[in-house]
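These notes concern the structure reproduced below.
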Amino acid sequence: MADRGDRTRIMTSAEVGKQAGRLMRRKLRLEVEAGVDAGASVVGTQPVVHVGTQQGNVLQLNDEAVSRIHLEVASVGDRVRVRDLGSTNGTWLPGRVKVTDAVVPSGSRVILGRSRVRIDVLDEVVAESLSAGPGFGSMIGESEAMRAVFALLERVAPTDETVLITGETGVGKEVCAQSIVAQSRRRSGPLVVVDCGALPPSLLESELFGHMRGAFTGAVAEHRGAFERANNGTLFLDEVGELPLELQTRLLRAVEQRTVRRVGGTREIPLDIRILAATNRPLEEEVNRGTFRADLFYRLSVVQVRIPPLRERPEDIVPLARQILKECHVDPDATLSDLRVVEYLNRHAWPGNARELRNYLRRTSFGGNFDDPGTRPIDLPETNSEDVDLALAFKDAKEEAIRDFERRYLEQLLARADGNISHAARIAQTDRTYLTRLLIKHGLK
């Protein structure tokens with residue numbers, strides 16, 4: 001894709017990232033030095049460059065030993081971040097050093113399948129605008145990372161482009177979707193949300209596409225699916241990574257053609273809808289595992305918005321806390337004037353991200369009664385100073401930490417709700433079916 005001349009110029013490494021109101025990012029050049037595609041090269045201008053055999057990768061290879069979306073690369077200053085995306089045969093540095101997620105010097109070679117690719121960081125940069133304000137819709141953030149997200153959302157919200165929102169559990173993907181809709185031309189139309197992880201496949205198909213009377217046992221009347229109900233508005237597919245493979249073909253057709261056919265029906269129903277989707281799963285890895293269709297991934301990620309976790313933007317923790325406390329009718333100035341509170345908020349890892357921060361502040365600020373806001377100061381938990389287990393890969397250690405957080409949260413949530421799951425779901429502001437699945441997962445039900 002050709003670059004616009006007003007966005008690109010040569011800069012020194014000292015200048016990168018230092019222009020006010022802009023985020024400066026180096027371009028990458030990838031050249032295939034060995035393999036069936038030897039001599040091929042591309043210059044990547046996107047924040048993340050994908051390499052693999054599937055059409056849609058920035059560098060598409062014909063090497064049968066390479067996975068469909070094999071790896072991603074990104075510039076980090078004058079170095080390169082290389083991340084394997086769960087490929088079948090792995091990504092290697094010369095000398096048979098396996099790479100999972102690493103930052104390597106410019107000019108490094110990586111081996112994937114039977115191909116060797118050299119990656120160079122160029123002096124040429126792409127200047128990405130940052131939002132002038134510390135928020136977008138209901139989202140807030142003062143960090144450069146979030147202001148870059150807001151700038152992207154400001155550009156894409158008024159359009160009808162399909163958007164895939166990615167990020168860890170609790171970063172605010174649903175809030176992002178709601179904010180996009182609020183700034184779109186469809187703001188006055190319906191917003192229909194489908195949690196793809198909360199319904200069994202037998203019900204999910206009917207929920208998405210609708211059904212005719214008599215289509216199956218129990219179908220005693222016609223049912224308009226989510227696609228139909230979202231006509232002239234927006235359909236938000238939350239946790240789309242949980243969608244069973246057998247339904248993905250039907251979803252792909254609906255996304256491509258903007259038509260649906262009810263279960264048991266014969267008529268194609270045309271639709272005027274915008275589609276937003278969200279997932280906490282790395283869909284590129286799911287594509288390589290064969291559990292998510294590559295063509296559906298690319299259809300949903302016409303625009304991909306990644307919301308970074310709180311640990312990557314600690315400067316947003318206190319502003320978020322301030323907003324949450326206001327929502328709880330607690331004076332944020334009085335609460336955050338206690339430096340011990342601020343120190344704890346900044347020190348804690350928040351593996352559950354903004355949702356964990358919100359629930360912590362609600363729990364400690366409201367005391368034992370969530371209906372009558374209190375004003376007592378936040379209780380400071382003891383700091384967990386245990387060393388991390390460096391014998392585990394980062395991904396495995398993170399997943400273990402999240403599992404531990406989930407179980408502790410659920411135990412305390414059930415105690416607060418006296419074992420009443422419906423009450424617990426209301427406290428946690430989550431779907432009862434999803435909460436039930438979590439409780440079963442952790443052996444608490």
Within region 341-359, does at least one residue satisfy the condition of being of a type outside the set (D, E, K, R), farther than 20 Å from Ile140 by Cα and open to solvent by less than 10 Å² (accessible area, probe 1.4 Å)?
yes
Checking Ala215, Ala177 in turn, the sole residue that is modelled with pLDDT of 95 or more and either outside any strand (DSSP E or B) or open to solvent by less than 70 Å² (accessible area, probe 1.4 Å) (or both) turns out to be Ala177
Helices (runs of 4 or more DSSP H) (entirely within region 272-327) containing at least 1 residues that are of a type in the set (Gly, Ala, Ser):
294-300, 317-327
Yes or no: Leu276 within 18 Å of the chain's Cα centre (by Cα) and within 18 Å of Asp160 (Cα to Cα)?
yes
From the list Val99, Val192, which one is in contact with a Lys or Arg (Cβ under 7 Å, 6 or more places away or on another chain) and buried (at least 17 other Cβ atoms within 10 Å of the Cβ)?
Val192
Name the one entry in Thr249, Thr259, Thr266 that is β-branched (Val, Ile, Thr), open to solvent by 60 Å² or more (accessible area, probe 1.4 Å) and free of Cβ contacts under 8 Å to residues at least 24 places away in the same chain.
Thr266
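Restricting to region 202-212, count the residues that are surrounded by 12 or more Cβ atoms within 10 Å (Cβ to Cβ) and either part of a helix (DSSP H, G or I) or aliphatic (A, V, I, L, M) (or both).
Qualifying residue count, region 202-212: 7.
The rows are residues; the columns are (1) in a loop (DSSP other than H, G, I, E, B); (2) closer than 20 Å to Ile307 by Cα.
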| position | (1), (2) |
| --- | --- |
| Gln46 | yes, yes |
| Val51 | no, no |
| Asp63 | yes, no |
| Ser75 | no, yes |
| Val80 | no, no |
| Gly86 | yes, no |
| Val103 | no, no |
| Glu128 | no, yes |
| Gly133 | yes, yes |
For region 157-166, the count of residues that are open to solvent by less than 10 Å² (accessible area, probe 1.4 Å) and more than 14 Å from Thr279 (Cβ to Cβ) equals 1
Taking the criterion of being among the hydrophobic types (A, V, I, L, M, F, W, C), under 22 Å from Met24 (Cα atoms) and open to solvent by less than 40 Å² (accessible area, probe 1.4 Å), would at least one residue in region 104-118 satisfy it?
yes
Residues of region 218-232 satisfying the condition of being assigned to a loop (DSSP other than H, G, I, E, B) and surrounded by fewer than 19 Cβ atoms within 10 Å (Cβ to Cβ):
Gly218, Ala219, Val220, Ala221, Glu222, Arg224, Asn231, Asn232
Pairs with Cβ under 7 Å, 6+ apart, first in region 316-331 and farther than 18 Å from Trp350 by Cβ, second open to solvent by less than 30 Å² (accessible area, probe 1.4 Å) and part of a helix (DSSP H, G or I)
Lys326/Pro332; Val330/Ser365
Show the residue pairs that are 6+ apart or on different chains and have beta-carbon atoms under 7 Å apart, the first residue being within region 273-300 and more than 21 Å from Glu64 (Cα to Cα) and open to solvent by 60 Å² or more (accessible area, probe 1.4 Å), the second being of a type in the set (A, V, I, L, M) and assigned to a helix (DSSP H, G or I).
Arg299/Leu252; Arg299/Val255
Working only within region 174-214, note down all residues that are without any contact (Cβ under 8 Å) to a residue 60 or more places away in the chain, touching a Pro at 6+ places or on another chain (Cβ under 9 Å) and among the polar types (S, T, N, Q).
Gln183
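The values are calculated or read from the model by the stated rules, or taken from the named source; none is laboratory data. For clarity, every value in this text was computed on a predicted model and none was experimentally measured. Neighbour counts run over all protein chains shown; Cβ positions are idealised from the backbone, glycine included. For the accessible areas, the whole protein counts, side chains as well, though only heavy atoms, and no ligand, DNA or RNA atoms are used. Shrake-Rupley method; radii C 1.70, N 1.55, O 1.52, S 1.80 Å.
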